[in-house]
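Take a look at the structure set out below.
The values are calculated or read from the model by the stated rules, or taken from the named source; none is laboratory data. The structure displayed is predicted, hence computed values, not measured ones. Cβ coordinates were reconstructed from backbone atoms using ideal geometry, including for glycine residues, and neighbour counts include every protein chain displayed.
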């Protein structure tokens with residue numbers, strides 16, 4: 001694993017969210033009656049890496065999380081994580097930048113300097 005200064009700086013809420021994601025992945029695997037070895041082989045990762053995924057380790061790449069979700073039949077949900085339709089903050093910021101009023105464009109002079 002690469003050393004990074006970003007991991008220790010993760011907000012506690014994000015660490016909790018990753019831990020929950022890992023627990024949810026573990027529960028989904030067990031509901032499907034799949035062993036860790038089976039899922040790891042299908043995702044082409046080691047069982048140790050799958051264990052890290054199920055612990056919500058932030059050092060595991062997003063691609064590996066996505067692959068494990070795909071193996072569990074849950075991969076389509078990845079595309080909805082940053083969907084603009086559910087980006088309330090982005091829409092609020094965009095609304096703040098809207099002009100208060102819109103004026104028609106000024107007519108350009110005909111035959112002016114070239």
Next on the checklist: If I ask for residues that are part of a helix (DSSP H, G or I), without any contact (Cβ under 8 Å) to a residue 40 or more places away in the chain, surrounded by 12 or more Cβ atoms within 10 Å (Cβ to Cβ) and in contact with a helix residue (DSSP H, G or I) (Cβ under 9 Å, 6 or more places away or on another chain), which ones from segment 1-40 would you list?
Outcome noted: 19, 22, 23, 26, 36, 38, 39, 40
Next on the checklist: For the structure I just gave you, tell me whether residue 60 is free of Cβ contacts under 8 Å to residues at least 12 places away in the same chain and surrounded by 14 or more Cβ atoms within 10 Å (Cβ to Cβ).
Outcome noted: yes
Checklist outcome for this item: Selection from segment 52-88 of residues at pLDDT 95 or above, in contact with a helix residue (DSSP H, G or I) (Cβ under 7 Å, 6 or more places away or on another chain) and part of a helix (DSSP H, G or I) yields 53, 54, 55, 64, 65, 66, 67, 68, 69, 71
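Against the definition (within 18 Å of the chain's Cα centre (by Cα) and part of a helix (DSSP H, G or I)), how does residue 94 come out, yes or no? Steps first, please.
Values: within 18 Å of the chain's Cα centre (by Cα): no; part of a helix (DSSP H, G or I): yes.
Here the answer is no, as residue 94 does not meet what is asked.
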Checklist entry - residue 103 passes all but one of (1) exposed (fewer than 13 other Cβ atoms within 10 Å of the Cβ); (2) over 22 Å from the mean Cα position of the chain (by Cα); (3) not in a loop (DSSP other than H, G, I, E, B); which number fails? => result (3)
